[in-house]
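Comments concern the structure below.
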Amino acid sequence: MARMSMFNSPLLLGFDHFERALDRVQKAQPDGYPPYNIEQTSESGLRITLAVAGFTMDDLEIHLENNQLVVRGRQADEDGKVYLHRGIAARQFQRTFVLAEGIEVDSAELDNGLLHIDLQRPLPEVTVKTIPIKGARRKADAIDVAAEPADAGE
């Protein structure tokens with residue numbers, strides 16, 4: 001069965017990269033770990049907060065790969081510990097966020113088990129460009145040429 005694309009309209013030219021980004025989001029890890037929030041901190045600022053209790057700064061990595069923000073966590077095995085009950089899972093995770101073009105990662109901070117990643121979305125510049133139309137002469141130019149009197153001196 002062929003997959004129906006929402007970007008197959010002839011009016012949506014050049015949006016292939018959006019379709020690929022949506023495919024990446026759909027294929028993202030369905031697991032809800034670690035839980036996260038995304039908040040708007042200013043007109044152009046965003047913050048992603050992940051709950052990573054039990055992870056240290058050495059256990060976490062943040063990478064920006066082709067407009068994807070990838071957060072990985074891996075806790076080191078603690079040799080020699082004997083658990084009578086282990087209710088806090090030491091598990092690895094990888095959480096991926098697809099970023100729009102131009103979004104920049106400002107900073108990351110680990111505070112009380114929460115990893116805060118601050119992003120900036122620069123406001124786009126409004127540009128207007130007039131496109132010249134090529135083709136036959138304009139009507140006004142054609143009328144001016146026809147209205148010129150023939151040279152009587154010839």
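Key figures for this structure:
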| read-out | value |
| --- | --- |
| In region 44-54, residue surrounded by the fewest Cβ atoms within 10 Å (Cβ to Cβ) [restricted to those that are at pLDDT 90 or above and more than 16 Å from SER107 (Cα to Cα)] | ALA51 |
| Residues of region 91-121 classified as closer than 14 Å to ALA53 by Cα and either surrounded by 14 or more Cβ atoms within 10 Å (Cβ to Cβ) or touching a residue at least 40 places away in the same chain (Cβ under 8 Å) (or both), total | 7 |
| Condition broken by TYR36, with the remaining ones in (1) on the phi > 0 side of the Ramachandran plot; (2) surrounded by 12 or more Cβ atoms within 10 Å (Cβ to Cβ) satisfied | (1) |
| Residue match in region 81-92 (condition: outside any strand (DSSP E or B) and among the hydroxyl-bearing types (Ser, Thr, Tyr)) | yes |
| Number of the condition not met by ASP58 [criteria: (1) in a loop (DSSP other than H, G, I, E, B); (2) exposed (fewer than 10 other Cβ atoms within 10 Å of the Cβ)] | (1) |
| Matching option when the condition is on the phi > 0 side of the Ramachandran plot, out of contact with any Cys (no Cβ under 8 Å at 6 or more places or on another chain) and free of Cβ contacts under 8 Å to residues at least 12 places away in the same chain, among GLY87, GLY80 | GLY80 |
| Subset tally (residues that are in contact (Cβ under 8 Å) with a residue 24 or more places away in the chain and either part of a strand (DSSP E or B) or under 20 Å from the mean Cα position of the chain (by Cα) (or both)) for region 39-55 | 10 |
| Among (1) at pLDDT below 90; (2) touching a Gly at 6+ places or on another chain (Cβ under 7 Å) - the single one LEU60 does not satisfy | (1) |
| Residue satisfying condition, being modelled with pLDDT of 90 or more and either acidic (Asp, Glu) or in contact with a Lys or Arg (Cβ under 8 Å, 6 or more places away or on another chain) (or both), within set GLU104, GLU154 | GLU104 |
| Condition check for ASP77: at pLDDT below 90, out of contact with any Asp or Glu (no Cβ under 7 Å at 6 or more places or on another chain) and either assigned to a loop (DSSP other than H, G, I, E, B) or exposed (fewer than 10 other Cβ atoms within 10 Å of the Cβ) (or both) | yes |
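The values are calculated or read from the model by the stated rules, or taken from the named source; none is laboratory data. Because the structure is a prediction, the values reported are computed rather than measured. Cβ sites come from the backbone with ideal geometry, for glycine too, and all protein chains shown count toward neighbours.
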